[in-house]
Amino acid sequence: MMELLVGGQAVRLGQRIGKGGEGEVYKVEGLDCAAKVYTHKDDADREPKIAAMIRSLSQYNSQFAAFPLAIAHQKDGRFAGFLMNLVTGHTALHELYSPAARKKTFPHADYRFLVRAAISVARAVASVHASNCVIGDLNHSGILISDRAEATLIDADSFQIIDGSQHYLCRVGVPEYTPPELQGKKLGEVVRTVDHDAFGLAVIIFQLLCMGRHPFSGAYSSGEMLIDRAIREHRFVYSKKRSVGMSPPPGSVDFGMFPADVRESFEAAFSPSAKRPSAEHWVRVLTSLERSLLGCSAHELHFFPNGATACPWCKMEKYHGMVLFLRPLINTAGSTPVFFDIKAAWAAIQAVPIPTPKELEPQFIDADIPEVSHHILNWRKNRNFNAVFMLVVAGVIAVIFLKEWFIWLGIAALGAHKFTQHFPYTKQWRQRYEKVQTQLEQSKAEWRKHTGVEDLLRIRASLEKVKADLEQLPEEMKARISEYMQNRQSLHLRDYLEQFQIQEAKIHGIGAAKKAALISFGIETAADVTLEKVLQVNGFGPVNSQPLVKWREEIESQFEYSPHKNRVDSQFRQTIEADIEAKARLLRNQLSNGARVLSDAVQNLKNRSTTPDAKMSKLHRERIQLIVDLRYLKQRLPVSNAAGITGRPTCPECNTRMISRVLKSGPHAGKRFWVCNRYPKCKGRRAQSA
């Protein structure tokens, strides 16, 4: 067992927990820390930098970064490495943003978890910048994520730090996370800035929010376009502001679904001229994004920005034929089945009465019954005055000229006749009443058409479909299990192939940049590799795609199919049960709330529909005035004509045309009345006169 000297004291190294190009990481026995031991002979010049970091960063030692705590030497005094905080329960970042890897390492993570992890990464970077460090080599492999979405930066010994006049630079960098201005340069000779880190941070955040897609990987029709070249040429594939000559990979995220501040931040981070957003800026923007996420109605783990018109993850899953977020598996063995009384819930829904159009007719609030029109009263006053005047004149003439009886008698007769004169505009008044009545009935008919009763019927029909869907779920589960058994061998093969991730594989001619491009096109594991899909990826042709295809074929050749029940069967069975239970839970909730939802909709409709508009109220007031006038004139009211067809009104119940019939018995036998032409289904009727 290896021993090192720390401050003159021996420490024992335990289990190796990590290995990289520079060295190995071990647990330290008896201490809550780890040791990084360099493995190259030329690592002695690292000691001054580590010492400077220990002097400068002791006050900043936090959960966000595994800063050096103490220098470790070999027993002979040679520089060996350093001690740092032990980071446990964390996984490499790409295991989270890669959908295939996430299903194994973070099986219960949803999109909120990804956003929260992005916030934590931004906080960690901001913490390092606050310590007067620049990360320099900011990439996916230098960030670990816990099962609580907490980020920790590792490989802190590669950070850039300035100690007085001495600059300890970051020697390395990953091209896919290196800003355009540093592409192709000798990074060990470049003084990095916070703005350089801002580019790599934006790439990482984009990958977390967009299912592992790289912002500079897409379709390019004019030859090969590797990611490092696309970065150099500022070809942000998802840009809505600039034409970059490239388009997003098929089935990728719709960039427009993100809020404006998120889109603007990415545009600025990848623009050739704008100032890149800081880590603190990203914390604010992503925190706002997390608060605005909406839940998908079909999948409880699908959360998405409120700018999306539909769930983007359902769409992506359908396009790629893959699962982005796993529902929690349930073990139904020995559990008590959920009891839900479908009949009782449906009976409650049926008990909610759907109002008829007649019940929803506008309710007019009438004031006092109006007086007879002044025009009619004035006419009658003038008529009576003239009649009395003529009779008086006739009386005077009779007294003076008794013998001229034919004169005064004629005047008296004219005066008496005046008393019997009818209103000369009665016909116009009746025509005006008919017109107003017709307009009012037409307005009511139009009103009924837009009352919203059909909306209520649609709500009840949708609830009826919910009931039917809930009742057939057992059959759906049987069908899915049957389908699984029919495709069992191919599904077992896919499960086997998904265990081999391209990110971790060593494939001839496929480096980190090409792996990032493959992942951006949804090719993450051996299960995703087909020649047709690979040829869609920029930089892959018939020749250089062969090593990847052969890699998949070699793995597939090692697959052994077993007809016996095994772990895969149990997982698929539990996945199906989890899916069915999630559907059942949603449907049960909809059905149990159905009566309340329908009742609220009925009440809202009644409140909204029974209040007449200004035009209808005016017609109603005019009609009442005409009724008062015509009755004062002792006129029978004309038959209403709601449909605009003479003598044929519309039914007050269903708004269809009516037919005329004669009462054959009763006290009103022989009188005519209107009855709905749908009688006896509809019993609406109207009198033929008022």
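The values are calculated or read from the model by the stated rules, or taken from the named source; none is laboratory data. Small disclaimer: the values here were computed from a predicted structure and weren't measured. Heads up, the Cβs are rebuilt from the backbone with ideal geometry, glycines too, and the neighbour counts pull from every protein chain shown. Only protein heavy atoms, including side chains, enter the accessible area calculation; ligands, DNA and RNA are left aside. Shrake-Rupley method; radii C 1.70, N 1.55, O 1.52, S 1.80 Å.
Using the Cβ atoms and a cut-off under 12 Å, what net charge is assigned to the surroundings of Gly200, where Lys and Arg are +1 and Asp and Glu are -1? Working shown, then result.
Details: positive: Arg192, Arg276; negative: Asp137, Glu176, Asp195, Asp197.
Summing Lys/Arg as +1 and Asp/Glu as -1 gives -2.
Order the peptides 267-273, 231-237, 132-138 from the highest to the lowest mean number of other Cβ atoms within 10 Å of their residues.
Numbers: 267-273: 16.7, 231-237: 21.1, 132-138: 23.6.
Highest-to-lowest ranking by the protection proxy: 132-138, 231-237, 267-273.
Once fully extended, how much extra length lies between Thr91 and Gln350, figured as 0.36 nm per residue of separation less the alpha-carbon to alpha-carbon distance? Don't skip to the end; give the middle numbers.
Numbers: separation 259, 0.36 × 259 = 93.24 nm, distance 5.34 nm.
Roughly 87.9 nm would be gained on extension.
Provide Ser665, Ser127 ordered by accessible surface of protein heavy atoms (probe 1.4 Å), highest first. List each step's numbers first, then the result.
Details: Ser665 85, Ser127 30 Å².
Correct descending sequence by accessible area is Ser665, Ser127.
What Rg and what Dmax come out for the chain when only alpha-carbon atoms are used, in angstroms?
Taking only Cα atoms of the chain, I get Rg and Dmax of 43.1, 165 Å.
Choose one of Ala109, Leu293, Tyr425: the residue whose Cα lies farthest towards the positive end of the charge dipole of the chain (beta-carbon charges +1 Lys, Arg; -1 Asp, Glu; about the Cα centre).
Most positive-ward Cα: Tyr425.
For Ile400, Ile227, Ile54, give the ranking by accessible area with the largest first, probe 1.4 Å. Display every interim value, and only then the final one.
On the way: Ile400 110, Ile227 5, Ile54 40 Å².
In descending accessible area the options line up as Ile400, Ile54, Ile227.
What is the angle, in °, between the Cα long axis of helix 426-449 and the longest principal axis of the Cα atoms in the chain? Nearest 10 is fine, range 0 to 90.
20 degrees
Which lysines does Lys683 reach when only Cα atoms under 27 Å apart count, and residues fewer than 8 places away in its own chain are ignored?
Lys358, Lys435, Lys444, Lys449, Lys606, Lys664, Lys671
Which of the lysines could a cross-linker span from Lys19 if the Cα-Cα distance has to be under 17 Å and same-chain partners fewer than 8 positions apart are dropped?
Of all the lysines, those that pass the test against Lys19 - Cα under 17 Å, at least 8 places apart if same chain - are Lys27, Lys36, Lys41, Lys506.
Could you give me the ³J(HN,Hα) list for the stretch 289-303, computed from phi with Karplus coefficients 6.51, -1.76, 1.60 and θ = phi - 60°, whole Hz, x at Gly and Pro?
4, 4, 5, 8, 5, 10, x, 7, 6, 9, 9, 5, 9, 8, 10
Tell me, what % of the accessible area of the chain is carbon and sulfur with a 1.4 angstrom probe?
Numbers: 19190 of 35920 Å².
Of the solvent-accessible surface of the chain, carbon and sulfur hold 53 percent.
If one takes the longest principal axis of the Cα atoms in the chain, at what angle in degrees, from 0 to 90 and to the nearest 10, does the Cα axis of helix 614-632 lie?
So the helix axis and the longest Cα principal axis differ by about 10 degrees.
Asp45 to Ala219: FRET efficiency via 1/(1 + (r/R0)^6), r the Cβ-Cβ distance, R0 60 Å, to the nearest 0.05? Please report the intermediate quantities before stating the final value.
On the way: r = 45 Å, r/R0 = 0.75.
Taking R0 as 60 Å, the efficiency between Asp45 and Ala219 is 0.85.
For the residue pair Ile400 and Arg16, what label-to-label distance in nm results when each label sits 7 Å from Cα along the Cα-to-beta-carbon direction?
About 14.6 nm, to one decimal.
At 20 °C and a viscosity of 1.002 mPa s, what translational diffusion coefficient does Stokes-Einstein give for the stretch 42-200, taking Rh as the Kirkwood radius over Cα pairs? Give it in µm²/s as a whole number.
On the way: Rh = 16.6 Å.
Stokes-Einstein gives a translational diffusion coefficient of 129 µm²/s.
Rounded to the nearest 20 Debye, what is the dipole magnitude of the chain about its Cα centre when Lys and Arg each give +1 and Asp and Glu each give -1 at the C-beta?
Details: 92 positive and 71 negative charges, 1133 e Å.
Dipole about the Cα centre, nearest 20: 5440 debye.
Got a number for the accessible area of Glu464? Probe 1.4 Å, square angstrom, nearest 10.
Probe radius 1.4 Å; accessible area of Glu464 about 100 Å².
Taking all protein chains together and a probe of 1.4 Å, list His40, His620 from the most accessible to the least accessible.
Working: His40 95, His620 20 Å².
Ranked from most to least accessible, the order is His40, His620.
Sort out for me the Cα centre separation of the stretch 1-56 from the stretch 186-264, rounded to whole Å.
Result: 36 Å between the Cα centres.
Modelling each spin label as a point 7 Å along the Cα-to-Cβ direction, I'd like the Asp76/Gln603 distance in nm, to one decimal.
8.7 nm
May I ask you to evaluate 6.51 cos²θ - 1.76 cosθ + 1.60, the Karplus curve with θ = phi - 60°, for each residue of the stretch 517-524 and list the ³J(HN,Hα) values in order in whole Hz, giving x for glycine and proline?
5, 4, 5, 5, 9, x, 9, 10
Considering the options Val194, Asn132, Phe159, tell which one lies farthest towards the positive end of the dipole of the stretch 101-260, charges being +1 on Lys and Arg and -1 on Asp and Glu at the Cβ, about the Cα centre.
Farthest towards the positive end: Val194.
What accessible surface, in Å², does a 1.4 Å probe find on Asp600, ignoring ligands, DNA and RNA and rounding to the nearest 10?
About 70 Å², rounded to the nearest 10.
For Ser273 and Leu663, calculate 0.36 nm times their separation in residues minus their Cα-Cα distance, and state this gained length in nm to one decimal. Working shown, then result.
Numbers: separation 390, 0.36 × 390 = 140.40 nm, distance 8.91 nm.
Roughly 131.5 nm would be gained on extension.
For an R0 of 45 angstrom, estimate the FRET efficiency from the Cβ-Cβ distance between Leu457 and Lys478 and round to the nearest 0.05.
Taking R0 as 45 Å, the efficiency between Leu457 and Lys478 is 0.85.
Looking only at the stretch 615-640, which residues have a backbone nitrogen under 18 Å from a spot 7 Å from the Cα of Lys435 in the C-beta direction?
Within reach of a label on Lys435: 615-630, 638-640.
Give the accessible surface of the chain per residue, rounded to a whole number of Å², with probe radius 1.4 Å and ligands, DNA and RNA excluded.
On the way: 35920 Å² over 690 residues.
Using a 1.4 Å probe on heavy atoms only, each residue of the chain averages 52 Å².
Taking Cα atoms, how many degrees apart are the long axis of helix 47-57 and the longest axis of the chain, rounded to 10 and kept between 0 and 90?
The angle comes out near 40 degrees.
Residues of the stretch 539-558 with the amide nitrogen closer than 17 Å to a label point 7 Å from the Cα of Leu493, along Cα-to-Cβ, please.
Under 17 Å, as judged by backbone N against the label point of Leu493, lie 549-558 of the stretch 539-558.
Work out the FRET efficiency for Thr530 and Arg685 from their Cβ-Cβ distance, taking R0 = 56 Å, and round it to the nearest 0.05.
Numbers: r = 72 Å, r/R0 = 1.29.
Efficiency computed from Cβ-Cβ geometry: 0.20.
Do the sum for the chain: with -39,500 (n - 2.57) for every DSSP H run of n ≥ 4, divided by all residues, what is the mean residue ellipticity at 222 nm, to the nearest 500 deg cm²/dmol?
On the way: 22 runs with 301 residues, N = 690.
Theoretical 222 nm ellipticity from helices: -14000 deg cm²/dmol.
With each pseudo-label sitting 7 Å past Cα toward Cβ, what's the Asn386-Ala614 distance in nm, one decimal?
Using points 7 Å along Cα→Cβ, the separation is 4.0 nm.
How much of Glu553 can a 1.4 Å solvent probe reach, expressed as accessible area in Å² and rounded to 10?
100 Å²
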